[in-house]
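Step one of this worksheet: look at the structure below.
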Amino acid sequence: MKIGIVGAGEAGHDLLALLNDNKEVSIEVICDTDAKAKGLQLASDLGIKTENNFECFTNKNLDVIVEVTGSDYVRKRLEELYEDKDTSILGAKSAKLLTVIINDAIKTAKKLDDQLDQIDQSTNKLEVEFNTIITTVDTLSTIKEDLNTSVKTSQKFINNSSELIKSINKIAQKNKILGLNANIEAARAGDAGKGFGIVANEIQKLSSTTNTFADEISQSLKSINNEITGIYTETENLTALANKQSNSTNQLEDILKELLSEVDA
């Protein structure tokens, strides 16, 4: 749409500034009898043609002429000049209304841009937090794997220790039997076997002590195994919770990306 503006004072200047960025509008010319008018200076800066007499507009193919001088003479003269032409004349009051509407639209657009910037900043912060959560979940998963490895190694050690204790118990049992047999033989030998009997008693005591010690170790290993099993169970629960959090985070991240794409659009 080709537009000419009559009047380059404050109102003409503001109208020119508002309409210049509109891609559907082309400001062809602006005129004012005052060569120093504010609107003419802006037009020169923007590369828009300027005139000092609106009657020269007749040789331009304009769709709309906006008259912002507020002069009845100027408005009537424009109506006479363009009576037989397909050009609309927009008076000062209509132009003022147009300016108000455009100004409000610009303010609304700016406010919307500011809100979108805030949303963009907030979503960027959320994205950073989500990435932190994801990193934490990955770290927890790694720790879980390390704990599982340690648990399996510990359980293997406990199983090996249990087998060792069984062997010790067997040896202790054999020593006990050996001591018992030695006592029997010492009794048969009478006084000559007293020294041998003392050794036999010590063997039996050692066997009993070994059994007691082996039983205590076995109980300790069982307690350790129970604790390790508990750690393993808690680790599995932690992993399940971490996976659940990770899934929720991924869903939120998808929503965030969708929101960011809508903001960018």
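One table, with the values for the structure above:
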| item | result |
| --- | --- |
| Qualifying residue in the stretch 125-139 (condition: farther than 30 Å from Ile255 by Cβ and surrounded by fewer than 13 Cβ atoms within 10 Å (Cβ to Cβ)) | no |
| Criterion violated by Asn61 - all others in (1) in a helix (DSSP H, G or I); (2) among the polar types (S, T, N, Q); (3) surrounded by fewer than 12 Cβ atoms within 10 Å (Cβ to Cβ) satisfied | (1) |
| Pair list, Cβ < 6 Å and 6+ apart or interchain, from the stretch 228-251 residues that are within 30 Å of Ile158 (Cβ to Cβ) to residues that are hydrophobic (A, V, I, L, M, F, W, C) and surrounded by 11 or more Cβ atoms within 10 Å (Cβ to Cβ) | Ile228/Val151; Tyr232/Val151; Thr235/Leu147; Ala242/Val137; Ala242/Leu140 |
| Criterion (touching a strand residue (DSSP E or B) at 6+ places or on another chain (Cβ under 6 Å) and either within 14 Å of Ile65 (Cα to Cα) or not acidic (Asp, Glu) (or both)) met by exactly one of Leu112, Leu90 | Leu90 |
| Residue ID - nearest to Thr229 (Cα to Cα), chosen from residues in the stretch 125-160 that are under 9 Å from the mean Cα position of the chain (by Cα) and without any contact (Cβ under 8 Å) to a residue 24 or more places away in the chain | Thr132 |
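All of the numbers you see were taken from the coordinates with simple rules; none came from a lab. Small disclaimer: the values here were computed from a predicted structure and weren't measured. Quick reminder, even Gly has a Cβ in these numbers, built from the backbone with ideal geometry, and neighbours come from all protein chains shown.
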